């Protein structure tokens, strides 16, 4: 177990925000151009880190970091993008059929705390 101090936790947060800033300002037509902001309430840094990680996950930052870690051949990129497009179209069709009543609605997960 690694013992972290308040100072090192702040460095982690600063590291994440630096990456987000570079991600936001980097080149590319698909950049969203907005900042992520996480508020630290009552000096609860752990909770703020969890919120930040969830926001980064939703924005796709981790997926992009993994994709940029190694070169992707153009043929692999085309195949991946085509598969993603097919997945999106199937998802939209499934949602439309659920709205029209042709498919049953998905069951909601029950949360326990």
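Please treat every number below as a calculation from the coordinates, not as lab data. Since the structure is predicted, the reported quantities are computational estimates derived from the model, not experimental observations. Cβ sites come from the backbone with ideal geometry, for glycine too, and all protein chains shown count toward neighbours.
Scan the stretch 75-106 for residues that are over 24 Å from the mean Cα position of the chain (by Cα) and surrounded by fewer than 11 Cβ atoms within 10 Å (Cβ to Cβ) and report the count.
Result for the stretch 75-106: 7.
Could you check residue 39 against (1) within 19 Å of the chain's Cα centre (by Cα); (2) surrounded by 10 or more Cβ atoms within 10 Å (Cβ to Cβ) and say which number it fails?
So the condition that residue 39 fails would be (2).
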